[in-house]
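Structure, as structure tokens:
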Amino acid sequence: MHASIAARPMASIRASLAGRRVTAKPLRATRRAISVSRIQAALKEGDDMANYSDYFRKLQTDKGDMISISQYKGKKPVVLFFYPKAETPGCTAEVCSFRDRYSAFQKAGAEVIGISGDDRNAQASFSSKHSLPFTLAVDQGNFLRKGFGIPNDMLGLLPGRQTFVIDKQGKCVLSFNSQLDTQGHIDNALKAVEALV
């Protein structure tokens, strides 16, 4: 505070400000505008993945190597399933169902990748404990989740559960979202990849 203002009594300060118009921008609206600008429109069926910069993002896997979804373009379809958190009941049921049907995905020529915000150690432990034959990728900071516009569930408290199927040409052919129907993710993804064969 300026010394001359600090020394003056409050009544004197009020009198000098009388008639002046003071406006302030609401802080909440400013923050909201900033956070919304970071979230891209939701990835939907028919979208070309090349239009999403996160398609090229490098992700660490449970084994410690780096992958990007774009590396499969021209080679094979990819099933990306986003789950909220390793070792939670719904997520464990989902990954184990993908594990149990993995041979059907392989037969259809598809790569399966599970993605969550858990760190590499948590992903490695989760994979080992449940003998998962597919890759688990680390999305710490939820950059990929935000980049693909995956909404949170349960009043915004829980990261959304979303499955995408990307064909060999890099086009999204399935977008399935359900927090509670974990089996629906496997059934819909398998149906989508089998339709590509």
Members of the range 150-177 that are modelled with pLDDT of 95 or more and surrounded by fewer than 17 Cβ atoms within 10 Å (Cβ to Cβ): 168, 169, 171
Looking at 141, 117, 147, which one is in the same structural domain as residue 70 (by TED's automatic domain parsing), under 11 Å from the mean Cα position of the chain (by Cα) and at pLDDT 95 or above? 117
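Okay, residues lined up against (1) aliphatic (A, V, I, L, M); (2) touching a Gly at 6+ places or on another chain (Cβ under 9 Å); (3) closer than 23 Å to residue 174 by Cβ:
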site	(1), (2), (3)
90	no, no, yes
95	yes, yes, yes
98	no, yes, yes
101	no, no, yes
105	no, no, yes
113	yes, no, yes
119	no, no, no
130	no, no, no
148	no, no, yes
Could you give me the residue pairs with C-beta distances under 7 Å whose first residue belongs to the range 42-68 and is assigned to a loop (DSSP other than H, G, I, E, B), whose second residue is of a type in the set (Ser, Thr, Tyr) wherever it lies, and which are 6+ apart or on separate chains? 43/52; 43/175; 44/175; 45/175; 57/68; 58/68; 62/127; 62/135
Any chance residue 83 is without any contact (Cβ under 8 Å) to a residue 40 or more places away in the chain, hydroxyl-bearing (Ser, Thr, Tyr) and surrounded by 16 or more Cβ atoms within 10 Å (Cβ to Cβ): no
Residue check for residue 88: surrounded by fewer than 22 Cβ atoms within 10 Å (Cβ to Cβ) and among the β-branched types (Val, Ile, Thr): yes
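The values are calculated or read from the model by the stated rules, or taken from the named source; none is laboratory data. Quantities reported herein were computed from a predicted structural model and do not represent experimental measurements. Neighbour counts are summed over all protein chains in view; Cβ atoms, including those assigned to glycine, are modelled from backbone coordinates with ideal geometry.
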